[in-house]
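Q: This is the structure, below, for whatever I ask next.
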Amino acid sequence: MTILVTGGAGFIGSNFVLDWLKASDEPVINLDKLTYAGNMDNLASLEGNPAHRFVQADICDADALKRIFASDDIRAVVHFAAESHVDRSIHGPEAFLDTNVTGTFRLLEAARHAWGPNAASDGRRFIHVSTDEVYGSLDRDAPAFSETNTYEPNSPYSASKAAADHFARAYHHTYGLPVIITNCSNNYGPYHFPEKLIPLVIHRALKGEPLPIYGDGTQIRDWLYVGDHCSAIRRVLEAGRLGEKYNIGGFNEKTNIEVVRTICALLDERRPRSDGQSYASQITHVRDRPGHDKRYAIDATKIATELNWQPAETFDTGIARTVDWYLANQGWVDRVTSGAYKNWLEKQYA
Ligand code: NAD
Ligand code: DAU
């Protein structure tokens, strides 16, 4: 049998596919539209591997989805494909509605029709990969998000992910589709597109450019190394209870300014600036993100106790690995930051 991964040429999806094929013989169909965020370079090491089949398609294309379910016996869907960047959702929300809501709906429909009413007992699984942002923003001293927190999405991105979560949940409740939802905190690691904070800062630091901190930089995110997110999803696929939600996080709350200063210190050690100054001197405070969520934090107790999952990396080890990966893979960074990337920077940071 086969697993269908959507969005497997993006940041987390490509890490998931690479990790999966290291540990399993079960083949993967990797369906990705290849938007600006999808990159076949991430999958270069799989070239010629018969266990990996790439299909360029849009999850909104019902016929394309139907063809895949008809041609292969899909045991499980792991659904990553999405528009994922909050700032882009502020400039252009419609693509988020299309892919994240309509696309997820089409995928649920395709699975429902192909698998029929016995999907659960036949061992099928639909893992819907979502975000902690659906829960909204936390006050500084509030408890971390648990699976029972209410949904209070604040950006067009998080609203579209929340809508998709509701459809996924409803397909389990109404049709018995074997859905499990995961809500994860901020990821970082290899193949992270340099529009997001951590890879953007590494890239711009090395180029001698300003490091843009939105507002005062005291917003808090809860960081998880991407390999740990992938291991959590594998565990949920293996043993998660149908119709349940699992929060995934690493208990690594950091302010943005703290994250940026940590990256600067690592670069100071590994690739000192020729003028002897710290990369931290490039930090610049810029206009804040509209509606910027103040704090996210995940309570990952449920997945830890029920499924015995723990992250392998601390923030210190994960961020050092990440900086080292970017230093060793400047060719990858150069290729993804040519072309349309420059237009995005002008729009966002001009
Ligand atoms: P990404 O933007 O790096 O990758 C998204 C991938 O989806 C790309 O390869 C893109 O080409 C593909 N895609 C986009 N629209 C598509 C469409 N209509 N049809 C088919 N493919 C399409 O995103 P990511 O950071 O890897 O996030 C993956 C998933 O994980 C998303 O659902 C996101 O909401 C969720 N998530 C991300 C994080 C994070 O910190 N990055 C945290 C929690 C959850
Ligand atoms: O929490 C999970 C979410 O994390 C995922 O669902 C999203 O797909 C993913 O993009 C991420 O969203 P964030 O908005 O938290 O990530 P981003 O890297 O864009 O920003 C992290 C923090 O850094 C946020 O508070 C905004 C701030 N920031 C970001 C950029 C790009 C800056 O201060 N300056 C910047 O230039």
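The values are calculated or read from the model by the stated rules, or taken from the named source; none is laboratory data. Just so we're clear, the structure is a prediction, and the values are computed from it rather than from any experiment. We place every Cβ from the backbone using ideal geometry, glycine too, and count neighbours over all the protein chains shown. Remember, those area values only see protein heavy atoms, side chains included, never the ligands or the DNA or RNA. Shrake-Rupley method; radii C 1.70, N 1.55, O 1.52, S 1.80 Å.
Q: Mind telling me which of the residues Asp122, Asp98 ends up being closer than 18 Å to Gly7 by Cβ, out of contact with any helix residue (DSSP H, G or I) (no Cβ under 6 Å at 6 or more places or on another chain), acidic (Asp, Glu) and free of Cβ contacts under 8 Å to residues at least 40 places away in the same chain? Step through it out loud before you land on a result.
A: Working: Asp122 fails: closer than 18 Å to Gly7 by Cβ.
Going through Asp122, Asp98 in turn, the sole match is Asp98.
Q: Quick one: is Val28 buried (at least 18 other Cβ atoms within 10 Å of the Cβ) and free of Cβ contacts under 8 Å to residues at least 40 places away in the same chain? Spell out how you get there, then give the answer.
A: Numbers: buried (at least 18 other Cβ atoms within 10 Å of the Cβ): yes; free of Cβ contacts under 8 Å to residues at least 40 places away in the same chain: yes.
Spelling it out, Val28 is indeed buried (at least 18 other Cβ atoms within 10 Å of the Cβ) and free of Cβ contacts under 8 Å to residues at least 40 places away in the same chain.
Q: Are any residues in segment 75-100 within 9 Å of ligand 1 (Cβ to nearest atom), surrounded by fewer than 18 Cβ atoms within 10 Å (Cβ to Cβ) and of a type in the set (D, E, K, R), and if so, which ones?
A: Within segment 75-100, just Asp98 meets the criteria.
Q: Can you find a residue in segment 198-208 that is without any contact (Cβ under 8 Å) to a residue 40 or more places away in the chain and open to solvent by less than 20 Å² (accessible area, probe 1.4 Å)?
A: Taking segment 198-208 first, the residues without any contact (Cβ under 8 Å) to a residue 40 or more places away in the chain are 200, 207.
Remaining after also requiring open to solvent by less than 20 Å² (accessible area, probe 1.4 Å): 200.
Checked against the condition, which is being without any contact (Cβ under 8 Å) to a residue 40 or more places away in the chain and open to solvent by less than 20 Å² (accessible area, probe 1.4 Å), segment 198-208 yields at least one hit.
Q: For residues in segment 132-142 being open to solvent by less than 10 Å² (accessible area, probe 1.4 Å) and outside any loop (DSSP other than H, G, I, E, B), which is nearest to ligand 1 (Cβ to nearest atom)?
A: Going residue by residue through segment 132-142, those that are open to solvent by less than 10 Å² (accessible area, probe 1.4 Å) are 132, 134-136.
With the extra rule that they be outside any loop (DSSP other than H, G, I, E, B), the set shrinks to 132, 134-135.
Numbers: Asp132: 7, Val134: 10, Tyr135: 12 Å.
It comes out as Asp132.
Q: Okay, next question. For segment 228-255, which residues satisfy the criterion of being open to solvent by less than 20 Å² (accessible area, probe 1.4 Å), of a type outside the set (D, E, K, R) and under 21 Å from Gly189 (Cβ atoms)?
A: Initially, segment 228-255 is screened for residues open to solvent by less than 20 Å² (accessible area, probe 1.4 Å), giving 228-230, 232-233, 236-237, 240, 246-250.
Still in the running and of a type outside the set (D, E, K, R): 229-230, 232-233, 236-237, 240, 246-250.
Selection gives His229, Cys230, Ala232, Ile233, Val236, Leu237, Tyr246, Asn247, Ile248, Gly249, Gly250.
Q: Name the residue, out of Ile12, Ile3, that is in contact (Cβ under 8 Å) with a residue 60 or more places away in the chain, of a type in the set (A, V, I, L, M), crowded, with 20+ Cβ neighbours inside 10 Å and away from ligand 1 (no atom under 13 Å from the Cβ).
A: Going through Ile12, Ile3 in turn, the sole match is Ile3.
Q: Name the residues in segment 31-45 that are surrounded by fewer than 18 Cβ atoms within 10 Å (Cβ to Cβ) and more than 7 Å from ligand 1 (Cβ to nearest atom), would you?
A: Within segment 31-45, Tyr36, Met40, Asp41, Ala44, Ser45 qualify.
Q: Looking at segment 150-247, what helices (runs of 4 or more DSSP H) fall wholly within it and have at least 3 residues that are of a type in the set (Val, Ile, Thr), within 15 Å of ligand 1 (Cβ to nearest atom) and within 21 Å of the chain's Cα centre (by Cα)? Talk me through it step by step, then tell me what you get.
A: On the way: elements: 156-175, 197-206, 226-239.
Per the criteria, 226-239.
Q: Another question, then. Specify which of the listed residues (Asp58, Asp72) is more than 9 Å from ligand 1 (Cβ to nearest atom), on the phi < 0 side of the Ramachandran plot, open to solvent by less than 60 Å² (accessible area, probe 1.4 Å) and charged (D, E, K, R).
A: Working: Asp58 fails: more than 9 Å from ligand 1 (Cβ to nearest atom).
After applying the criteria, what remains is Asp72.
Q: Which of the residues that make up segment 302-337 are in a helix (DSSP H, G or I), farther than 15 Å from Pro190 by Cβ and of a type in the set (Ser, Thr, Tyr)?
A: Within segment 302-337, Thr305 is the sole residue that qualifies.
Q: What is the one condition in (1) within 16 Å of ligand 2 (Cβ to nearest atom); (2) under 15 Å from the mean Cα position of the chain (by Cα) that Val17 does not satisfy?
A: (1)
Q: Which of the residues that make up segment 186-197 are open to solvent by 10 Å² or more (accessible area, probe 1.4 Å) and over 22 Å from Gln348 (Cβ atoms)?
A: Listed by number, the list holds a single entry, Pro190.
Q: Of all residues in segment 101-119, which are without any contact (Cβ under 8 Å) to a residue 12 or more places away in the chain and either in contact with a Gly (Cβ under 9 Å, 6 or more places away or on another chain) or open to solvent by 40 Å² or more (accessible area, probe 1.4 Å) (or both)?
A: Of all residues in segment 101-119, those without any contact (Cβ under 8 Å) to a residue 12 or more places away in the chain come to 116, 118.
Of everything in segment 101-119, just one residue is without any contact (Cβ under 8 Å) to a residue 12 or more places away in the chain and either in contact with a Gly (Cβ under 9 Å, 6 or more places away or on another chain) or open to solvent by 40 Å² or more (accessible area, probe 1.4 Å) (or both), namely Asn118.
Q: Do the conditions hold for Gly215, that is, is it of a type in the set (Gly, Ala, Ser), open to solvent by 10 Å² or more (accessible area, probe 1.4 Å) and within 9 Å of ligand 2 (Cβ to nearest atom)? Before the answer, list the steps.
A: Values: of a type in the set (Gly, Ala, Ser): yes; open to solvent by 10 Å² or more (accessible area, probe 1.4 Å): yes; within 9 Å of ligand 2 (Cβ to nearest atom): yes.
Yes, satisfied.
Q: Looking at Thr182, Thr148, Thr174, can you tell me which residue is among the polar types (S, T, N, Q), in contact (Cβ under 8 Å) with a residue 24 or more places away in the chain, out of contact with any Leu (no Cβ under 6 Å at 6 or more places or on another chain) and under 27 Å from Ala120 (Cβ atoms)?
A: Working: Thr148 fails: in contact (Cβ under 8 Å) with a residue 24 or more places away in the chain; Thr174 fails: in contact (Cβ under 8 Å) with a residue 24 or more places away in the chain.
The match here is Thr182.
Q: Here are Val86, Val129, Val134, Val55: which of them is within 28 Å of Glu195 (Cβ to Cβ) and away from ligand 2 (no atom under 16 Å from the Cβ)? Can you show your working first?
A: Numbers: Val86 fails: away from ligand 2 (no atom under 16 Å from the Cβ); Val129 fails: away from ligand 2 (no atom under 16 Å from the Cβ); Val134 fails: away from ligand 2 (no atom under 16 Å from the Cβ).
After ruling out the rest, the residue left standing is Val55.
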